[in-house]
Amino acid sequence: MPERSIELNQFVTSTMKTLVCLLLLAPICLVGQRPPKVEGLGKFKPGSTTVDVIDELTKELNAKVVEQKAFLAEKDFEKGKIYKVVYDPSEANKPSRASKCAQSKVYRVGDYSFSGVNLKEAYLTFHNDVLVELEAKITPDILEAMPSRYGAPQSTIEEREVECSGPGKKEKFQEKFFIYTWKNDDIEAKSVIEPTYDDNCKRQFVRSFSVKTAKGYNAHADCGR
């Protein structure tokens, strides 16, 4: 069996064993009580947290807010700064999350930790000054703790094409994406295990997390079209 397939099988087996164990244990731990409702993560609660949280974060992190009008590679973001993603019609290379909607604001907080939760490359999206989505990359232990935090998720597997581009090489692979979803009325939390490739076409696995209010996020998306 090719090394690439062995690596994927080992990763999938390890991940699924952990999640299956947690999913099986979650009902036992929650006997006699309902699983906690999905509301958000820490102080980030879509539908209720306001944009004032940015001022709190600047003080807490001793950071300043700067505008981002052009696309930046991850390595180009500076520590000690919270980036406000701005849509500039004159900028050719716009940030991917820049919105035309005047009622929407998007901030890149970067790395943020609280109560043992470590968020990487965190973005906060507000519409009418209310948080409508938090999205970030998370560590494996946070994903493994989700069933005890939110209850058993709906799980799906999707196959998608992933491109690997590097000096002198360009390849495409069909990869499996593992998606876990929790819902509470209008609030939806989702975590995705996704394979990515670096410049040397070496595969690694990234765990992303998002929690949003569907109504508020859709209003933001529709407004920005």
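The values are calculated or read from the model by the stated rules, or taken from the named source; none is laboratory data. Values in this document were obtained by computation on a predicted structure and should not be read as measured data. Virtual Cβ from ideal backbone geometry, glycine too; neighbours counted across all protein chains shown. Ligands, DNA and RNA are stripped out before the accessible areas are found, and what is left, the full protein with its side chains, is counted by its heavy atoms. Shrake-Rupley method; radii C 1.70, N 1.55, O 1.52, S 1.80 Å.
Residue-wise test of (1) over 20 Å from V206 (Cβ atoms); (2) of a type in the set (K, R); (3) open to solvent by 70 Å² or more (accessible area, probe 1.4 Å).
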| site | (1), (2), (3) |
| --- | --- |
| S115 | yes, no, yes |
| K120 | no, yes, yes |
| H127 | yes, no, no |
| A136 | no, no, no |
| P140 | no, no, no |
| Y150 | yes, no, no |
| Q154 | yes, no, yes |
| E158 | no, no, yes |
| C164 | no, no, no |
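For the range 97-112, name all the residues that are open to solvent by less than 70 Å² (accessible area, probe 1.4 Å) and not basic (K, R). Hits for the range 97-112 are A98, S99, C101, S104, V106, Y107, V109, G110, Y112.
Here is the figure for the range 57-87: residues that are within 18 Å of N118 (Cα to Cα), assigned to a helix (DSSP H, G or I) and modelled with pLDDT of 95 or more total 3. From the list K183, K215, the one residue that fits, being open to solvent by 50 Å² or more (accessible area, probe 1.4 Å), closer than 24 Å to T125 by Cα and assigned to a strand (DSSP E or B), is K183. Whether a residue is over 17 Å from the mean Cα position of the chain (by Cα) and in contact (Cβ under 8 Å) with a residue 60 or more places away in the chain was assessed, and S148 passes this test. Taken over the range 97-119, the criterion of being basic (K, R) and either part of a loop (DSSP other than H, G, I, E, B) or farther than 30 Å from E144 by Cβ (or both) is satisfied by R97, K100, K105. The set of residues in the range 78-116 that are touching a Leu at 6+ places or on another chain (Cβ under 8 Å) and more than 21 Å from T50 (Cα to Cα) comprises G80, P95.
Looking only at residues in the range 183-219 that are under 14 Å from the mean Cα position of the chain (by Cα) and aromatic (F, W, Y), the one that is nearest to S165 (Cα to Cα) is F205.
Quick check, is K94 within 25 Å of K183 (Cβ to Cβ), among the basic types (K, R) and surrounded by 12 or more Cβ atoms within 10 Å (Cβ to Cβ)? Judged against the criteria, K94 is not a match.
Residues considered: E121, E135, E60, E74. Of these, the only one that is of a type in the set (D, E, K, R) and without any contact (Cβ under 8 Å) to a residue 12 or more places away in the chain is E60. For the range 44-56, a residue qualifies if it is surrounded by fewer than 16 Cβ atoms within 10 Å (Cβ to Cβ), touching a Leu at 6+ places or on another chain (Cβ under 9 Å) and in a loop (DSSP other than H, G, I, E, B), and the qualifying residues are S48, V51. Residue check: is V12 modelled with pLDDT of 95 or more and of a type in the set (V, I, T)? No; evaluated as a whole, the condition is false for this residue.
Every condition in (1) part of a strand (DSSP E or B); (2) open to solvent by 30 Å² or more (accessible area, probe 1.4 Å) is met by V206 except one, and the failing one is (2).
The number of residues in the range 119-159 being touching a Pro at 6+ places or on another chain (Cβ under 6 Å), modelled with pLDDT of 90 or more and either at positive phi or β-branched (V, I, T) (or both) comes to 1.
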